[in-house]
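The values are calculated or read from the model by the stated rules, or taken from the named source; none is laboratory data. Since this is a predicted model, take the numbers as computed values, not measurements. Positions of Cβ are generated from backbone atoms using ideal geometry, with glycine treated the same way; all protein chains shown enter the neighbour counts. Surface areas here come from the heavy atoms of the whole protein model, side chains and all, with no ligands, DNA or RNA. Shrake-Rupley method; radii C 1.70, N 1.55, O 1.52, S 1.80 Å.
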Amino acid sequence: MILILAGCGKTLPARSEFMLGTICTINLYQGGTAALYGAVFARLRQIEERMSSNAVDTEVARVNQNAGIMPVKVSAEVIRVLSRALYYAELSGGAFDPTVDPLVKLWGIGTEYARVPEEEEIRGALALVDWREVVIDEEAGTVFLPQAGMGIDLGAIAKGYAADEAARLIKEAGVSEALIDLGGNIYALGTKAKGAPWRIAVQDPRSSRGTYIGVLELGEKSVVTSGVYERFLDAGDQHYHHILSTVDGYPAERGLLSVTVITDTSIDADALSTTLFVLGYEEGRALVDSLENVEAIFVFQDLSVRGTPGALDVFTLTNDQYRIVG
Ligand code: FAD
Ligand code: MG
């Protein structure tokens, strides 16, 4: 995802930092201060330090290290994000599953140890993936994974939560117009000067960042894309991406290149874009249609594009290699 920005009287330039495993860019318009930029990035860092499963000393990492041993005290927001993840796990019949960590670690896609695992290793990891086994004790503020080797990975939802938190801080500071881009996880806050809509580009899922397939025109919304282009491993003539099927343990293969979700909160847009990618068009579309105020665009490997009416209404295709089929 990339952004097309029309200048409009902003006071400070955008600021970018590498965190949450990606480039995070915040653009505060009208009223943004260096102190606010500092506070927002500090908050993102705090979320990373609590929720990353890549580092060894985060709250989520401690839960994982203590799988099969004992419950671990975590902050209220880790429970909140994990609970939302479990909600989407239930809604999707486990297609979205925050206990996917053993499988994610086995493949290592996006890391220097990425490799295609043996069938037997995949079976072993899959046996440890089951969202229904997560034990949350709200009162004690603890999370427990009952089997040794189990693990939580909030990579498909925590960037969305972080974007919502950034938006909250920015609004509380009285800034009414801002763009938050956490590696393609977008939150467009407020409406631009003179009521012009935000113009948010949908990334071309086949090419490196910078080219796009079309543009969404929106008011205050979050837009999040899950696709095959973010992290992958090319081995032989196979392209393995990082969104995994909890049924067979391989990258989810549903004929899709990407799914973009548009809704009010980024935590939901993030979780849903991953969920829909794993479910595929038929089931994914049925799920979206059952939810209020959620719109989606599905981009297929044959370069056709489908979307909900509410998404297609605000989407302009600009790349003639793709075609909208409904
Ligand atoms: P999404 O579609 O939103 O999520 C895909 C990711 O979700 C996968 O990478 C995997 O982690 C997980 N996943 C895969 N299959 C499923 C499934 N079926 N159900 C649920 N989840 C699934 N990257 C680094 O390289 N180093 C870091 O230190 C690092 N720290 C991070 C800390 C935090 C708090 C977060 C949120 C992310 C961090 N990342 C880090 C990035 C992370 O590893 C993922 O690559 C990234 O979040 C994927 O986001 P996405 O938007 O590309 O894809
Ligand atoms: Mg996601």
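Among the residues in the stretch 63-74, are any within 16 Å of ligand 1 (Cβ to nearest atom) and under 23 Å from residue 238 (Cβ atoms)? Checked against the condition, which is being within 16 Å of ligand 1 (Cβ to nearest atom) and under 23 Å from residue 238 (Cβ atoms), the stretch 63-74 yields no hits at all. Of all the residues in the stretch 56-97, those that are open to solvent by 40 Å² or more (accessible area, probe 1.4 Å) and within 18 Å of residue 21 (Cβ to Cβ) number 2. Being more than 10 Å from ligand 1 (Cβ to nearest atom), part of a strand (DSSP E or B) and within 19 Å of the chain's Cα centre (by Cα) holds for only one residue in 258, 222, and it is 222.
Could you please let me know if residue 135 is of a type outside the set (Gly, Ala, Ser), away from ligand 2 (no atom under 16 Å from the Cβ) and open to solvent by 40 Å² or more (accessible area, probe 1.4 Å)? Against the criterion (of a type outside the set (Gly, Ala, Ser), away from ligand 2 (no atom under 16 Å from the Cβ) and open to solvent by 40 Å² or more (accessible area, probe 1.4 Å)), residue 135 qualifies. Selection within the stretch 29-55: residues that are of a type in the set (A, V, I, L, M, F, W, C) and surrounded by 14 or more Cβ atoms within 10 Å (Cβ to Cβ). The member of this set that is farthest from ligand 1 (Cβ to nearest atom) is 36.
Determine, yes or no, whether residue 173 is in contact (Cβ under 8 Å) with a residue 12 or more places away in the chain, over 21 Å from residue 246 (Cα atoms) and open to solvent by less than 10 Å² (accessible area, probe 1.4 Å). Against the criterion (in contact (Cβ under 8 Å) with a residue 12 or more places away in the chain, over 21 Å from residue 246 (Cα atoms) and open to solvent by less than 10 Å² (accessible area, probe 1.4 Å)), residue 173 does not qualify. Considered as a group, the residues in the stretch 266-291 that are assigned to a loop (DSSP other than H, G, I, E, B) and touching a strand residue (DSSP E or B) at 6+ places or on another chain (Cβ under 9 Å) include one that is least open to solvent (accessible area, probe 1.4 Å), and that residue is 280.
Check the stretch 65-77 and report whether any residue there is of a type in the set (Gly, Ala, Ser), closer than 19 Å to residue 267 by Cα and part of a helix (DSSP H, G or I). Yes - at least one qualifying residue is present in the stretch 65-77.
A residue that is outside the structural domain of residue 39 (by TED's automatic domain parsing), closer than 17 Å to residue 78 by Cα and out of contact with any helix residue (DSSP H, G or I) (no Cβ under 8 Å at 6 or more places or on another chain) can be found somewhere in the stretch 99-111. Do we have any residue at all in the stretch 293-308 that's exposed (fewer than 14 other Cβ atoms within 10 Å of the Cβ) and among the charged types (D, E, K, R)? Looking for residues that are exposed (fewer than 14 other Cβ atoms within 10 Å of the Cβ) and among the charged types (D, E, K, R), one finds at least one in the stretch 293-308, hence yes. Screening residue 152 with (1) away from ligand 1 (no atom under 14 Å from the Cβ); (2) part of a loop (DSSP other than H, G, I, E, B) gives one miss only, at (1).
When we screen 36, 12 for residues that are outside any helix (DSSP H, G or I), in the same structural domain as residue 171 (by TED's automatic domain parsing) and farther than 30 Å from residue 229 by Cα, the only hit is 12. In the condition set (1) open to solvent by 10 Å² or more (accessible area, probe 1.4 Å); (2) among the small types (Gly, Ala, Ser); (3) in contact (Cβ under 8 Å) with a residue 40 or more places away in the chain, residue 236 is compliant with all but (3).
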